[in-house]
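The values are calculated or read from the model by the stated rules, or taken from the named source; none is laboratory data. All values reported here derive from a predicted model rather than from experimental measurement. Every residue, glycine as well, gets a Cβ built from its backbone with ideal geometry; the counts of neighbours run over all protein chains shown.
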Amino acid sequence: MKEVKADRGEIKRPISDSFEVFQAACPEHRKAIDFLRSWTPPEDLEDLDAEVLIEHVEYSYIAKETVPWGSRIGEELFFGYVLPYRTWAEPIERWRKLLYSELYPLVGRSEDPVEAAMEENRWAAGKAHFEDIPVTYKSPLRTMADGCGDCIDLSIFLVAACRSVGIPARGVFSPWMPLGHDGTHMWTEIWGGKWHYLGSCEPERVPDRAWFSMHIKRAAKVYALSFRGTGSMLGLGYCPDVWVEDVTERYTTVGTLRAKVTADGTPVPGCRLYVLVPNSKNELVLVASSETDAQGSVEMKLGSQVELYFVCAGDLRKNCGQFVYIDTGRTEEVHLKM
């Protein structure tokens, strides 16, 4: 078996070379390991320690078996939003055992995962606060050690805390909404019969309420991040790519953009379509992109409270396209000629 030195000097076993280690796991755990391996990005296969992966699996099942709501979490939710060791692009580390040991005594007797998540959010707020710092995608334990992070770091931290005690959780990202500085924002969703949102490390008395609740009603797009493939990637270019689920309709009213791209009258399949919004500085901010189908067409939902969109195809740098308005419940058709 290939073995490599970890940064701290211990021996690592890459998951690509750890067949016999995984075979020693029970059938239930092997199924979970196979799931994680199948959706682990190829570039991580040589760096992810097999023992770290196994610890994540073991403590995911320990949480599921010890919290009152564990039996109510179906396999799809468990595999998709409890088991994963990562939320976005943060370093992979052994956070689950440590967080379970600290948080199970705090919330382990609660019957409601939503109440438990809100209690964890109060705990998280005592461990880390928001600071407007450069984006680095910190690990959960790094954020806890630093005592601060940006909204991405805080969401990664809270998602890990919730997953450590068997609460399905995911990060949610909006590439633009009017925050006064035309900013991106990321927060956390937790499952309790349905998805609820929380401001990460920003506790409220009830779920689905946060300082950004009014701002998000004017968002262009809202994406829930997924470890497992969804068929759609974030595709924004200026941040690491990740599988996403479009949840814009859960936060704001939407309309439909239907675009067709042609060259000399012929449909252009596989052409990248870009959707941007002008900010307060009259700069265009990319909020969505997608490839045309075999007929040279793309259809997507967009927030209808945004005043104006700019749509272009092929080469984002050329900025040749057209402005469009998206009305609630209506379809706007656009024909772009290359």
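Taking the listed residues Tyr197, Tyr223, Tyr137, the one that is of a type in the set (Phe, Trp, Tyr), under 24 Å from Asn279 (Cα atoms), modelled with pLDDT of 95 or more and in contact with a Pro (Cβ under 9 Å, 6 or more places away or on another chain) is Tyr223, with no other qualifying. Among the numbered conditions (1) of a type in the set (Ser, Thr, Tyr); (2) part of a strand (DSSP E or B); (3) more than 27 Å from Asp315 (Cα to Cα), the only one that Ser213 does not meet is (2). Scanning the range 188-227 for residues that are of a type in the set (Asp, Glu) and either crowded, with 19+ Cβ neighbours inside 10 Å or without any contact (Cβ under 8 Å) to a residue 40 or more places away in the chain (or both) gives Glu189, Glu202, Asp208. Residues of the range 239-251 include at least one that is at pLDDT 95 or above, under 22 Å from Lys217 (Cβ atoms) and in a loop (DSSP other than H, G, I, E, B).
Screening Pro207 on (1) at pLDDT 95 or above; (2) within 18 Å of the chain's Cα centre (by Cα) shows it passes everything except condition (2).
Yes/no per residue for (1) free of Cβ contacts under 8 Å to residues at least 12 places away in the same chain; (2) surrounded by 22 or more Cβ atoms within 10 Å (Cβ to Cβ):
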| site | (1), (2) |
| --- | --- |
| Gly74 | yes, no |
| Gly80 | no, no |
| Trp88 | no, no |
| Leu98 | no, no |
| Gly108 | no, no |
| Pro113 | no, yes |
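Filtering the range 252-278 to residues that are over 12 Å from Lys337 (Cα atoms) and not aliphatic (A, V, I, L, M) leaves Thr252, Thr253, Gly255, Thr256, Arg258, Pro269, Gly270, Arg272, Tyr274, Pro278.
Please go through the range 312-338 and give me each residue that is among the hydroxyl-bearing types (Ser, Thr, Tyr) and in a loop (DSSP other than H, G, I, E, B), ordered by number. Tyr325, Thr328 - these are the residues of the range 312-338 that are among the hydroxyl-bearing types (Ser, Thr, Tyr) and in a loop (DSSP other than H, G, I, E, B). The residue list Thr328, Thr230, Thr248, Thr256 contains one member that is over 24 Å from the mean Cα position of the chain (by Cα) and of a type in the set (Ser, Thr, Tyr), which is Thr328. Looking at the range 66-155, the helices (runs of 4 or more DSSP H) lying wholly inside it that each contain 2 or more residues that are of a type in the set (Phe, Trp, Tyr) and within 21 Å of the chain's Cα centre (by Cα) sit at 75-81.
Conditions tested, residue by residue: (1) of a type outside the set (Val, Ile, Thr); (2) not assigned by TED's automatic domain parsing to the domain that holds Pro91.
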site	(1), (2)
Pro203	yes, no
Ala224	yes, no
Ser232	yes, no
Leu257	yes, yes
Thr262	no, yes
Val287	no, yes
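Has the range 246-259 got any residue that is more than 27 Å from Leu225 (Cβ to Cβ), among the basic types (Lys, Arg) and surrounded by fewer than 17 Cβ atoms within 10 Å (Cβ to Cβ)? No: the range 246-259 contains no residue that is more than 27 Å from Leu225 (Cβ to Cβ), among the basic types (Lys, Arg) and surrounded by fewer than 17 Cβ atoms within 10 Å (Cβ to Cβ). Consider the range 1-50 and keep the residues that are at pLDDT 55 or above and β-branched (Val, Ile, Thr). The one that is farthest from Arg86 (Cα to Cα) is Val21.
Based on this model, can you work out whether Gly147 counts as on the phi > 0 side of the Ramachandran plot, crowded, with 24+ Cβ neighbours inside 10 Å and assigned by TED's automatic domain parsing to the domain that holds Ala63? No.
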